[in-house]
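> Following this message is one structure expressed as structure tokens.
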Amino acid sequence: MTVRQGPEGQPWVLHVDLDQFLAAVEVLRHPELAGLPVVVGGRGDPTERGVVSTASYEARAFGVGSGMPLRVAARKCPEAVFLPVDKEAYNEASAQVMAALRALTWGGAPVVLEVLGWDEAFLAPGPAHGELGDPREYAGRVRSAVLEASGLHCSVGIGDNKLRAKIATDFGKPRGVWQLTAQNWQEVMGRRPTTALWGIGSRTGKRLAALGIDTVDQLAASDARALAAEIGPTMGPWFHRLGRGVDTSPVDATPWVPRAHGREETFQEDLEDWHEVAEATRRITRRAVEDIDAEGRPAARVGLKIRLRPFITLSRSLTLPEPSNDPDVLAEAAVSLLDRVEHDRPVRLLGVRLEMVPPPDGY
């Protein structure tokens with residue numbers, strides 16, 4: 001089921017985002033950690049290589065953030081409690097939250113829920129809904145339902161499309177509600193940098209800045225044809241629409257079907273022997289094969305990610321002569337990609353990605 005926005009951006013779209021999700025799950029499991037700076041990442045050992053998956057708000061106050069090396073996080077916040085990533089616990093908590101959201105009704109009809117990941121989802125009223133009432137009041141009901149079902153707090157962004165709802169959530173964090181629509185878009189977003197928009201990262205922000213476009217207002221006022229000429233016929237006009245807050249994509253409850261599965265490993269000590277690198281590649285590939293076997297679809301393409309000392313990341317890939325889920329065939333295909341890399345530096349990280357054949361009904 002999908003819900004498409006009308007010409008005035010109705011019906012409402014909510015973006016539900018769990019606050020400090022991984023850290024919050026850990027605090028629920030270990031109440032004695034409440035109020036302490038908690039960092040979740042890697043194997044929970046800041047002396048090892050690994051990155052921060054989530055930091056509690058108390059840890060963020062010290063400058064700790066997602067993607068930061070654990071060693072850096074430990075220097076910024078020596079008193080932090082470091083915990084390993086526990087995917088099973090997070091899967092279970094996420095399932096509780098999404099089940100609670102799917103059970104909601106709005107305007108007398110079941111909601112449409114589009115799950116984005118462990119900790120966030122879009123929610124919209126179903127097509128047969130009646131009077132919707134105040135969306136802020138309903139967002140409060142959503143927050144209460146999530147808390148009752150899981151013990152977790154969330155923030156809710158309200159928008160007249162998915163883009164505005166997604167951006168609104170950040171203004172409401174933590175444990176809050178915020179509304180962003182066509183009426184207050186320019187007032188709230190106009191002077192902000194283009195990187196404040198969902199879909200524009202630092203690299204794209206620099207490309208736009210090189211064109212004299214630094215703010216959302218400037219992007220909205222830009223010439224879409226000029227952007228198409230400079231950035232591309234698809235992305236240029238899309239960025240222009242982002243600047244105006246325009247988004248016509250529907251809230252879609254269709255379950256996400258993965259195109260590929262991958263595994264990667266960061267080595268605590270760089271691998272200098274390339275025979276060891278090949279064996280590690282085979283081991284990682286076999287772990288990825290377990291994931292595609294669970295999908296029931298063979299791999300059609302194999303990709304290799306390799307990070308060399310000091311921090312040079314390369315990727316290589318190949319299409320198989322015919323699809324396969326044979327661990328030996330896929331492992332040797334991945335190892336063959338090592339021949340496309342100069343063996344002149346130690347290896348810090350390896351990753352293998354197996355792209356599967358499409359499902360019978362397509363994606």
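The values are calculated or read from the model by the stated rules, or taken from the named source; none is laboratory data. These numbers come from a predicted model, not from an experiment. With ideal geometry, Cβ positions are generated from the backbone for all residues, glycine too; neighbour counts draw on all protein chains shown.
> Restricting the search to segment 8-49, which residues are of a type in the set (Asp, Glu), more than 30 Å from Ala128 (Cα to Cα) and part of a loop (DSSP other than H, G, I, E, B)?
Residues satisfying the conditions are Asp19, Asp45, Glu48.
Residues checked against (1) over 23 Å from Leu349 (Cα atoms); (2) among the aliphatic types (A, V, I, L, M); (3) touching a strand residue (DSSP E or B) at 6+ places or on another chain (Cβ under 6 Å):
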| residue | (1), (2), (3) |
| --- | --- |
| Arg49 | no, no, yes |
| Ser53 | no, no, yes |
| Ser56 | yes, no, yes |
| Ala61 | yes, yes, no |
| Gly67 | no, no, yes |
| Leu70 | no, yes, no |
| Ala73 | no, yes, yes |
| Lys76 | yes, no, no |
| Ala80 | yes, yes, yes |
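> I need every pair where a residue in segment 234-252 that is more than 16 Å from Asp217 (Cα to Cα) has its Cβ under 8 Å from the Cβ of a residue that is surrounded by fewer than 19 Cβ atoms within 10 Å (Cβ to Cβ) and of a type in the set (Val, Ile, Thr), sequence separation at least 6 or different chains.
Pro250/Thr2; Val251/Thr2; Asp252/Thr2
> Okay, moving on. Give me the residue from segment 53-69 that is under 20 Å from His153 (Cβ atoms) and among the hydrophobic types (A, V, I, L, M, F, W, C) and, out of that set, surrounded by the fewest Cβ atoms within 10 Å (Cβ to Cβ).
Ala61
> Taking Leu337 as the residue in question, decide whether it is over 18 Å from Glu265 (Cβ atoms) and either out of contact with any strand residue (DSSP E or B) (no Cβ under 9 Å at 6 or more places or on another chain) or modelled with pLDDT of 95 or more (or both).
No; evaluated as a whole, the condition is false for this residue.
> Let me confirm something: among Glu265, Glu269, which residue is within 30 Å of Pro323 (Cβ to Cβ) and of a type in the set (Asp, Glu)?
Values: Glu269 fails: within 30 Å of Pro323 (Cβ to Cβ).
The match here is Glu265.
> Please work out if Lys206 is over 17 Å from Arg241 (Cβ atoms) and outside the structural domain of Leu152 (by TED's automatic domain parsing).
Values: over 17 Å from Arg241 (Cβ atoms): yes; outside the structural domain of Leu152 (by TED's automatic domain parsing): yes.
Spelling it out, Lys206 is indeed over 17 Å from Arg241 (Cβ atoms) and outside the structural domain of Leu152 (by TED's automatic domain parsing).
> For segment 227-258, how many residues are assigned to a helix (DSSP H, G or I) and surrounded by 13 or more Cβ atoms within 10 Å (Cβ to Cβ)?
Counting residues in segment 227-258 that are assigned to a helix (DSSP H, G or I) and surrounded by 13 or more Cβ atoms within 10 Å (Cβ to Cβ) gives 13.
Here's the yes/no breakdown for (1) under 14 Å from Asp17 (Cβ atoms); (2) modelled with pLDDT of 95 or more:
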position	(1), (2)
Ile158	yes, yes
Arg175	yes, yes
Gln179	no, yes
Thr194	no, yes
Ala226	no, no
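> OK, next. Do we have Leu227 as touching a residue at least 12 places away in the same chain (Cβ under 8 Å), within 28 Å of Leu123 (Cα to Cα) and either of a type outside the set (S, T, N, Q) or not assigned by TED's automatic domain parsing to the domain that holds Ser56 (or both) here?
No; evaluated as a whole, the condition is false for this residue.
> In addition: Grab the helices (runs of 4 or more DSSP H) fully contained in segment 101-218, keeping just those with 2 or more residues being of a type in the set (Asp, Glu). Steps first, answer last, please.
Working: elements: 135-150, 162-172, 185-189, 202-210.
Where helices (runs of 4 or more DSSP H) fall fully within segment 101-218 and carry at least 2 residues being of a type in the set (Asp, Glu), they are 135-150.
> Consider segment 266-282. How many of its residues are modelled with pLDDT under 95 and either within 21 Å of the chain's Cα centre (by Cα) or crowded, with 18+ Cβ neighbours inside 10 Å (or both)?
The total comes to 1.
> Does Val277 satisfy the condition of being farther than 15 Å from Arg353 by Cβ and either among the polar types (S, T, N, Q) or in a loop (DSSP other than H, G, I, E, B) (or both)?
On the way: farther than 15 Å from Arg353 by Cβ: yes; either among the polar types (S, T, N, Q) or in a loop (DSSP other than H, G, I, E, B) (or both): no.
Against the criterion (farther than 15 Å from Arg353 by Cβ and either among the polar types (S, T, N, Q) or in a loop (DSSP other than H, G, I, E, B) (or both)), Val277 does not qualify.
> Would it be correct to say that Val357 is surrounded by fewer than 20 Cβ atoms within 10 Å (Cβ to Cβ), β-branched (Val, Ile, Thr), farther than 25 Å from Val51 by Cα and within 27 Å of the chain's Cα centre (by Cα)?
yes
> Could you tell me how many of the residues in segment 167-207 are closer than 20 Å to Met235 by Cα, polar (S, T, N, Q) and in contact (Cβ under 8 Å) with a residue 24 or more places away in the chain?
So the answer is 2.
> Is at least one residue of segment 83-95 in a loop (DSSP other than H, G, I, E, B), over 21 Å from Ser155 (Cβ atoms), out of contact with any Cys (no Cβ under 9 Å at 6 or more places or on another chain) and not aliphatic (A, V, I, L, M)? Walk me through it before giving the result.
At the first step, the residues of segment 83-95 found to be in a loop (DSSP other than H, G, I, E, B) are 84-86.
Now drop any that are not over 21 Å from Ser155 (Cβ atoms), which leaves 84-86.
Going one step further and asking which of them are out of contact with any Cys (no Cβ under 9 Å at 6 or more places or on another chain), we end up with 84-86.
Then keep just the ones that are not aliphatic (A, V, I, L, M); that gives 84, 86.
Yes, there is a match, as at least one residue in segment 83-95 is in a loop (DSSP other than H, G, I, E, B), over 21 Å from Ser155 (Cβ atoms), out of contact with any Cys (no Cβ under 9 Å at 6 or more places or on another chain) and not aliphatic (A, V, I, L, M).
> A further question on this structure: Surrounded by 16 or more Cβ atoms within 10 Å (Cβ to Cβ) and in a helix (DSSP H, G or I): does that describe Val72?
It is false that Val72 is surrounded by 16 or more Cβ atoms within 10 Å (Cβ to Cβ) and in a helix (DSSP H, G or I).
> Tally up the residues in segment 189-203 that are hydroxyl-bearing (Ser, Thr, Tyr) and either within 12 Å of Leu242 (Cα to Cα) or not assigned by TED's automatic domain parsing to the domain that holds Arg241 (or both), please.
Of the residues in that region, 2 qualify.
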